[in-house]
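The values are calculated or read from the model by the stated rules, or taken from the named source; none is laboratory data. Quantities reported herein were computed from a predicted structural model and do not represent experimental measurements. Note that each Cβ is placed from the backbone with ideal geometry, even for glycine, and that neighbours are counted across all protein chains shown.
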Amino acid sequence: MEPTNWKADDIPSLQGQTIVITGANSGIGLETSKVLSKKGAQVIMAVRNLQKGKQAVEEIQKEYPDAKMDLMVLDLADFDSIKKFADDFKSKYPQLNVLINNAGVMSPPNRETTKQGFEIQLGTNHLGHFLLTGLVLDVMKKTPNSRVAVQSSLAHKMKRYLADINFDDLNWEKIYNKDHAYGQSKLANLLFAYELDRKLKANNIQITVAAAHPGFTKSNLQKDQGFIISEIVVRLLGQKVDMGALPILRAATENNLKGAEYFGPIKSNEMKGYPELVKSSEKSHNIELAKKLWEISEKLTGFTYKFN
Ligand SMILES: NC(=O)c1ccc[n+]([C@@H]2O[C@H](COP(=O)([O-])OP(=O)(O)OC[C@H]3O[C@@H](n4cnc5c(N)ncnc54)[C@H](OP(=O)(O)O)[C@@H]3O)[C@@H](O)[C@H]2O)c1
């Protein structure tokens with residue numbers, strides 16, 4: 001297939017669209033918010049730290065004074081905060097065109113936990129977004145052609161990052177391996193995205209789900225990885241954040257997707273470049289695995305999805 005060199009200019013006008021993005025104050029989330037604002041969307045920047053959020057809003061407003069942004073508090077490591085965010089959002093907005101599940105935490109050296117006691121990467125990257133999506137699905141059902149866009153990672157299929165779900169110890173209570181916990185959470189993002197797509201289709205619900213990964217992008221994500229990785233490797237080899245934001249922007253805005261598409265950069269083993277359809281691991285498409293993870297996620301979050 002001919003490369004399309006898809007870029008932010010290819011996004012159609014988003015006037016009239018309401019878009020929620022998690023992790024909006026930093027890195028890819030900030031850049032994505034900027035582009036979506038420029039295209040005219042009402043962007044709800046969901047952040048856990050209002051101070052950082054305000055700085056991000058100011059940064060966008062400097063470039064785009066007409067940007068329509070709303071800062072709302074969302075801590076994905078706390079189910080109560082997610083429920084409050086969903087309630088507050090629904091009391092303010094009658095529609096949700098796009099939900100972008102972007103926030104993430106990577107490989108903290110010591111095992112950390114969420115407010116409800118889950119390992120922080122499982123809890124934030126997967127369970128938090130699982131609950132958030134479920135809580136806003138009703139308003140998305142009422143919004144024509146709505147979309148859930150899910151941010152994953154190349155790590156979902158790399159041996160170093162496990163490339164599997166550790167069902168024996170999902171919560172890393174026996175042995176904590178920071179990278180395995182990250183990889184598990186990023187594979188969980190894809191298993192969730194594809195299973196959500198299957199469930200929506202089975203119930204004739206017109207919400208599309210698409211996923212993406214940003215290759216290797218300069219951001220704050222690798223801040224816990226030590227000086228050499230965070231300051232040298234990322235700075236030298238990582239692509240700029242305007243390129244790193246393109247796959248999730250494409251997943252969030254491209255018209256006429258069928259559902260379950262996965263976009264990533266196509267150069268240098270998917271580490272950089274313009275976004276195209278790329279392949280995720282065989283495991284990410286495993287239906288049994290996805291169903292098992294879904295059931296456990298419902299149990300752990302205490303939230304049951306309703307599709308009818
Ligand atoms: N950069 C890469 O090369 C790369 C590669 C593969 C995948 N990704 C994925 O891309 C996504 C964005 O990462 P990034 O590279 O842009 O990193 P980043 O600059 O560190 O941004 C991560 C964002 O997630 C937010 N976040 C973390 N924990 C949260 C919580 N409990 N509640 C709400 N928000 C929370 C952070 O907020 P604070 O600022 O308050 O911490 C920040 O806004 C992540 O899902 C990551 O896994 C990135």
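Within segment 129-172, restricting attention to residues that are within 12 Å of the ligand (Cβ to nearest atom), farther than 21 Å from Glu288 by Cβ and assigned to a strand (DSSP E or B), which residue is farthest from the chain's Cα centre (by Cα)? It comes out as Ala149.
Within segment 15-47, being within 13 Å of the ligand (Cβ to nearest atom) and without any contact (Cβ under 8 Å) to a residue 40 or more places away in the chain holds for Asn25, Ser33, Lys34, Met45, Val47.
Scanning segment 179-197 for any residue that is without any contact (Cβ under 8 Å) to a residue 24 or more places away in the chain and either over 17 Å from Leu132 (Cβ atoms) or touching a Phe, Trp or Tyr at 6+ places or on another chain (Cβ under 7 Å) (or both) turns up at least one such residue.
Among the residues of segment 42-53, is there at least one that is polar (S, T, N, Q), touching a helix residue (DSSP H, G or I) at 6+ places or on another chain (Cβ under 8 Å) and at pLDDT 95 or above? If you could, list the steps in order and put the result at the bottom.
Narrowing segment 42-53 to residues polar (S, T, N, Q): 42, 49, 51.
When the remaining residues are screened for being touching a helix residue (DSSP H, G or I) at 6+ places or on another chain (Cβ under 8 Å), the result is none.
Checking segment 42-53: not a single residue is polar (S, T, N, Q), touching a helix residue (DSSP H, G or I) at 6+ places or on another chain (Cβ under 8 Å) and at pLDDT 95 or above.
In segment 241-279, which residues are polar (S, T, N, Q), under 24 Å from Lys38 (Cβ atoms) and more than 15 Å from the chain's Cα centre (by Cα)?
Just the residues of segment 241-279 that are polar (S, T, N, Q), to begin with: 253, 255-256, 268-269.
From what's left, under 24 Å from Lys38 (Cβ atoms): 253, 255-256.
Result: Asn255, Asn256.
Taking each residue of segment 149-163 that is free of Cβ contacts under 8 Å to residues at least 12 places away in the same chain and of a type in the set (D, E, K, R) and looking for partners that are within 11 Å of the ligand (Cβ to nearest atom) and assigned to a loop (DSSP other than H, G, I, E, B) with beta-carbon atoms closer than 7 Å, six or more apart or interchain, yields nothing. When restricted to residues that are buried (at least 18 other Cβ atoms within 10 Å of the Cβ) and assigned to a strand (DSSP E or B), segment 250-272 contains 7.
Can you pull out the residues in segment 281-308 that are loosely packed, with under 12 Cβ neighbours inside 10 Å and β-branched (Val, Ile, Thr)? Explain how you work it out, then say what you get.
Looking only at segment 281-308, we keep the residues that are loosely packed, with under 12 Cβ neighbours inside 10 Å, and these are 282, 287-288, 295, 299, 302, 304, 306, 308.
Answer for segment 281-308, where residues must be loosely packed, with under 12 Cβ neighbours inside 10 Å and β-branched (Val, Ile, Thr): Ile287, Thr304.
Taking (1) more than 13 Å from the ligand (Cβ to nearest atom); (2) within 27 Å of Tyr274 (Cα to Cα) in turn, Val105 satisfies each apart from (1).
Among the helices (runs of 4 or more DSSP H) contained in segment 14-128, which hold 2 or more residues that are out of contact with any Leu (no Cβ under 7 Å at 6 or more places or on another chain) and crowded, with 24+ Cβ neighbours inside 10 Å?
27-38
When you scan segment 280-294, do you find a residue that is within 29 Å of Val35 (Cα to Cα), more than 12 Å from the ligand (Cβ to nearest atom) and not in a helix (DSSP H, G or I), even just one? For segment 280-294, residues within 29 Å of Val35 (Cα to Cα), more than 12 Å from the ligand (Cβ to nearest atom) and not in a helix (DSSP H, G or I): present.
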